[in-house]
Every structure is written in structure tokens, then in C-alpha cells.
Amino acid sequence: MKKNATKIKKDDSVEIIEDNTTSKKERKPFRKNFHKKFRKPFSVECELVKVTNENGEEVLDEKLLPESKTFGSGGYDLKAYSCDVDTVTGETIEADPENNNPVIAVLKPGKFLLIHTGVKMKIPPFHIGWVTPRSGLAFKYGISCVNTPGEIDWDYRGDVGVILINHGEKDFVIRKYDRIAQITFIPVKKGKMFPVEKLSEDVQNERGEGGYGSTGVNDTVKTE
């Protein structure tokens, strides 16, 4: 069975390209081809806190390693590790010894606190990590991040912290290893700033100094 593909030309016209390959062997698997063409090798060193195992040995707590749950997920889940009692604006409670995920804090409505992830990262040069809320926590409990996105610079080597805030109406319990936020790695460019008396002219700039809603909200409904 033949399949056609589309190609967008520079003049915005569309060209139909016929695919003459008919067998599965002639077509490379999508995932393998996708990695080869569109994703360059990318790795981030993660220094994890250590725990004592059953043999009394100190080993890395790999449960804290940020992970991406699906192939198409752009972000990596960050997990809760600890919370500083002296800086908590919510309330800490005693851990339950029978619970594998002990409670480390209770976030009160309208309050925020810093949660440590137990992870230090070595982000490759010219990349940053953006820490953003998880949509499930935001929709179900009103939990978000105070500074979103929170930026982790590539020269930072400390613990990756997440400042959570409770916009909901109920207490939010935070347990160890809970997936509380996500981090996405973004390429950045370093530029040189220089002063000028007046900005240079732009070709086809219809906006100018217009901002703060200057483009409107809804093209079909007139609003004041």
C-alpha cells in the first residue's frame, strides 16, 4: 500500500510526494528514524542523595531520578525528597513508619513552600532546565509553582528545588517520591547587549509599542 507525504515549499505551497516503498522492511521504524534525524544525543548527569540498603551499604537513591513516563513526553518528572522545617510556610507532620512514602509536608491553602528533589544536575552548556507544574496536580488540587517556569541554569550545581503553591481550598499532602513538577530542557543562545539611542527600523512591524492586550481577546466578540 502506497502512502503519500506532503512537503511545504518556501512559497507556502504544498507538494505531494509519492512514497513508492511498499514493504515494512523498506521503511525504517518511525521511532528509530525519528531519533536519528530529529534528536541529537543528549544526556544530563544527576547526582542523587544516598540511602542505606539492606546490606548497610550507601547507594544512590535511584527512585529520585527524574523520568519521562512515555516516549512522547517532553518533560521529566521531578519527585519530592524533603522539606526544610524552618522555612516551611505550611505545616510538617510526623512520617508514618508503615508507609513506604512518608509524608514530608502538608501544604495549606494559599501557602507555598520549597520542596527539595534530592537531585543535583549538570546540564549541558547552552541549555537550561525549565521547571513547570504538572497539569494533573493543577487541575485536581490547584497545585502550581510560584515562579513558573523556574529556570535552572547550566552552571548551577545545587539541589533542584521546587516552590509549590496551593491555590486550592484543601490541604495538600506531599509524600516522599511524589511526582510534584516536571523539568524540560531548552536550548538557549547567549547574545551581546549594546546601548543605542533609538531602535533600528523593522521591516513589516505592525505592533510597535503595543502591549498588555493591544491585540485584543476575541476576534468575533467586541470587547471594551
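The values are calculated or read from the model by the stated rules, or taken from the named source; none is laboratory data. Model, not experiment: these values are computed from the prediction. Cβ atoms come from the backbone with ideal geometry, glycine included; neighbour counts cover every protein chain shown.
Observations on the model:
- Any hit, segment 99-106, residues being modelled with pLDDT under 70 and over 24 Å from the mean Cα position of the chain (by Cα): yes
- Remark: Val221 falls outside the filter, which requires a residue to be under 29 Å from the mean Cα position of the chain (by Cα), part of a loop (DSSP other than H, G, I, E, B) and at pLDDT below 75.
- In segment 168-182, the qualifying residues are those that are touching a helix residue (DSSP H, G or I) at 6+ places or on another chain (Cβ under 8 Å) and not in a strand (DSSP E or B), and the one that is surrounded by the fewest Cβ atoms within 10 Å (Cβ to Cβ) is Lys170.
- Test result for Gly150, at pLDDT 95 or above, under 18 Å from the mean Cα position of the chain (by Cα), surrounded by fewer than 19 Cβ atoms within 10 Å (Cβ to Cβ) and among the small types (Gly, Ala, Ser): no
- When the test is whether a residue is out of contact with any Pro (no Cβ under 8 Å at 6 or more places or on another chain), among the β-branched types (Val, Ile, Thr) and either exposed (fewer than 11 other Cβ atoms within 10 Å of the Cβ) or over 16 Å from Lys108 (Cα atoms) (or both), Val131 does not pass it.
- The single condition among (1) more than 17 Å from Thr184 (Cα to Cα); (2) modelled with pLDDT of 85 or more; (3) not in a strand (DSSP E or B) that Val59 does not satisfy is (3).
- Number of the condition not met by Asn147 [criteria: (1) in contact (Cβ under 8 Å) with a residue 40 or more places away in the chain; (2) assigned to a loop (DSSP other than H, G, I, E, B)]: (1)
- Within segment 150-188, the set of residues being under 20 Å from Gly74 (Cβ atoms) and touching a residue at least 60 places away in the same chain (Cβ under 8 Å) comprises Val160, Val162, Arg179, Ile180, Ala181, Gln182, Ile183, Thr184, Phe185, Pro187, Val188.
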